[in-house]
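Below: one structure, written as structure tokens.
The values are calculated or read from the model by the stated rules, or taken from the named source; none is laboratory data. Because the structure is a prediction, the values reported are computed rather than measured. Reconstructed Cβ throughout: ideal geometry from the backbone, glycine too, with neighbour counts over all protein chains shown.
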Amino acid sequence: MVDKNSEFSITFCGAAGEVTGSRHLIKTGGLLLLLDCGMFQGHRVESIEKNKKFLFKPGDIDAILLSHGHIDHCGALPMIYRREGNPPVYCTPATKEICSIMLMDSARLQEADAKFFNKIHARKSIKIEPLYEEKDAHAAIENLKSAEYNETLIFNETVSARFLDAGHVLGSSMIQIDARTSAGTRRLLYTGDLGRRKSLLMNPPSPPPGADWLVIESTYGSRIHDSAEDARNRLFEIIKRAVREKGKILIPSFALERTQEIIFVLDNLRHRSDFPDIPIYLDSPMAVSITKIFNRYSRSPCFDAEFRKYAEIDNDPFGFEYVKFVHSKEESQSLNDRPGSMIIISASGMLEGGRVLHHLRNNIANENTTVLLVGYQAEGALGRRLQDGVKKVKIFGIEHEVFCRVETLNVFSSHADKEDIIAFITGLNPAPKKIFLVHGDNHSRSALTEELKSRGFQNIMLPELGQTYNLIE
């Protein structure tokens, strides 16, 4: 006789029909386990409202399992402790290092952006508050606990978990949960963000055996990424044009992985004899700190063999000798007054906060400026609106006309595309009983569903926010 503590269910509390804000609640063995605690990223007003809302009581969570250090997967952690929760947070050692930097930077950015927004809107009595402060980020960081890949975490006599390499970013993991239920032992596999079969930096993920239930991202479930060589050639042409026109290239970039990939590609391009002389600035203290972590891990087996071989030849694969790191606010501001062509890489990747907004508002009216989008742009985000070709946008609540060029390079995405996702699912043996598609908009999820059904897969679920599924059957 198995009592109610053996119940096994999942409730989708974020990234259900959306791409950001991953939060999935597992109930099993008398425990409440949270898979990721991400921040929703999008339009400011919508983001604030969604991020304030939890579909569970933070104080009820027994443990949090973190797939990786991107803000849309870890960024709401401080709010758990701000609201009197106190659970341990398990992740890989690299994710622990990265997450500590990301959370502190997130707190500082929120406080700085709120201060600047409130200053320029003081006469209108419009005011915003940060979602959390540095003290809340400290509380989350103090609860981070590391576990190696394939190490078994035992929560009680019926529930255990393991981290498996997801191939997405440094330290990223799939999370495997095993639970004893009335129907026997059952296994759930949550991919987090899934890496590509051929990445610029990371090893590809390997489909593990025996998953009864699969919760998989679908960010690019309807798209195929550009080839790396095509992207390098396009980037080279964009750089040559900027030098010719004495224009700036602004690259809004996620501090984790995307920035390092861009620097790595630029480092490759610099070996070309015809590469033009152009200053490159990394204007993100967080990205600088994370790039240093990448340099320390550059010979780790989580990187693919080709990159590790390159790192052996080039002891500085992330370009420390030529990338100028911008630390202070004053240094950052001075770039807007500096004439001539340059590349500025700065956070955030969706243009929803950070120093890149100050560069954008100072250069958006210049037709020789190129805004180069190198990551997913969520619906409603400023980056998405520029990508969609709008002619007027608001930055810090002030309207600006768009005269700059806006271009997109999809090759830099560290997310699996449609073909990568299908290859991963078809590699699972046996096939899972049910497949839950999360972390994708409804168009991507629907397109991927049709493709999977055409290949014989059934029981494909498109969970909605707040929906609960029983996993005992």
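Return the total of residues in the stretch 298-338 being surrounded by 14 or more Cβ atoms within 10 Å (Cβ to Cβ) and among the aliphatic types (A, V, I, L, M).
Qualifying residue count for the region: 4.
Looking at Pro88, is it at pLDDT 95 or above, in the same structural domain as Ser160 (by TED's automatic domain parsing), buried (at least 16 other Cβ atoms within 10 Å of the Cβ) and more than 15 Å from the chain's Cα centre (by Cα)?
No: the conditions fail for Pro88.
So, Asp226, is that one farther than 30 Å from Lys434 by Cα and within 22 Å of the chain's Cα centre (by Cα) or not?
Yes, satisfied.
Just to check your reading of the model, which residue among Gly195, Gly184, Gly210 is within 27 Å of Val356 (Cβ to Cβ) and of a type in the set (Gly, Ala, Ser)?
Gly195
Report yes if Lys124 is in contact with a Phe, Trp or Tyr (Cβ under 6 Å, 6 or more places away or on another chain) and among the basic types (Lys, Arg), otherwise no.
So Lys124 does not fit the description; no.
Give all pairs with beta carbons closer than 6 Å in which a residue from the stretch 432-451 that is within 13 Å of Tyr469 (Cβ to Cβ) and not assigned by TED's automatic domain parsing to the domain that holds Asp36 meets a residue that is hydrophobic (A, V, I, L, M, F, W, C) and in a helix (DSSP H, G or I); count only pairs at least 6 apart in sequence or on separate chains.
none
Filter the stretch 387-421 down to the residues that are in a strand (DSSP E or B) and either without any contact (Cβ under 8 Å) to a residue 24 or more places away in the chain or among the charged types (D, E, K, R) (or both) and list them by number.
Lys392, Lys394, Glu399, Glu401, Arg405, Glu407, Asp417
Please go through the stretch 206-218 and pick out each residue that is among the hydroxyl-bearing types (Ser, Thr, Tyr) and surrounded by fewer than 24 Cβ atoms within 10 Å (Cβ to Cβ).
Ser206 - this is the single residue of the stretch 206-218 that is among the hydroxyl-bearing types (Ser, Thr, Tyr) and surrounded by fewer than 24 Cβ atoms within 10 Å (Cβ to Cβ).
Can you name the residue in the stretch 219-229 that is among the charged types (D, E, K, R) and either assigned to a loop (DSSP other than H, G, I, E, B) or under 12 Å from Gly440 (Cβ atoms) (or both) and, of all such residues, is modelled with the lowest pLDDT?
If we take residues in the stretch 219-229 being among the charged types (D, E, K, R) and either assigned to a loop (DSSP other than H, G, I, E, B) or under 12 Å from Gly440 (Cβ atoms) (or both), then Asp226 is modelled with the lowest pLDDT.
Regarding Thr11, is this residue more than 18 Å from the chain's Cα centre (by Cα), under 20 Å from Trp213 (Cα atoms) and buried (at least 22 other Cβ atoms within 10 Å of the Cβ)?
no
In the stretch 17-40, which residues are among the aliphatic types (A, V, I, L, M) and either modelled with pLDDT under 95 or not assigned by TED's automatic domain parsing to the domain that holds Ala183 (or both)?
Across the stretch 17-40, the qualifying residues are Val19, Met39.
Could you please give the count of residues in the stretch 307-322 that are of a type in the set (Asp, Glu) and modelled with pLDDT of 80 or more?
Residues flagged as of a type in the set (Asp, Glu) and modelled with pLDDT of 80 or more within the stretch 307-322 amount to 1.
Here are the criteria: (1) of a type in the set (Phe, Trp, Tyr); (2) modelled with pLDDT of 90 or more; (3) within 23 Å of Ser106 (Cα to Cα). Tell me which single one Phe325 does not satisfy.
(2)
With the structure loaded, tell me whether Val438 is buried (at least 16 other Cβ atoms within 10 Å of the Cβ) and aliphatic (A, V, I, L, M) or whether it fails that test.
In short, yes.
If you take just the strands (runs of 3 or more DSSP E) that sit entirely in the stretch 102-205, which of them hold at least 1 residues that are acidic (Asp, Glu) and either within 30 Å of Ala228 (Cα to Cα) or not assigned by TED's automatic domain parsing to the domain that holds Phe8 (or both)?
The qualifying strands (runs of 3 or more DSSP E) are 159-165.
Looking only at the stretch 162-205, count every residue that is surrounded by fewer than 24 Cβ atoms within 10 Å (Cβ to Cβ), in contact (Cβ under 8 Å) with a residue 60 or more places away in the chain and among the small types (Gly, Ala, Ser) and tell me the total.
So the answer is 2.
Out of all the residues in the stretch 168-218, which are at pLDDT 95 or above, over 18 Å from Arg308 (Cβ atoms), in contact with a helix residue (DSSP H, G or I) (Cβ under 8 Å, 6 or more places away or on another chain) and of a type in the set (S, T, N, Q)?
Of everything in the stretch 168-218, those that are at pLDDT 95 or above, over 18 Å from Arg308 (Cβ atoms), in contact with a helix residue (DSSP H, G or I) (Cβ under 8 Å, 6 or more places away or on another chain) and of a type in the set (S, T, N, Q) turn out to be Ser173, Thr191, Ser218.
With (1) out of contact with any Pro (no Cβ under 9 Å at 6 or more places or on another chain); (2) touching a residue at least 60 places away in the same chain (Cβ under 8 Å) as the list, and Ile80 as the residue in question, which single condition is left unmet?
(1)
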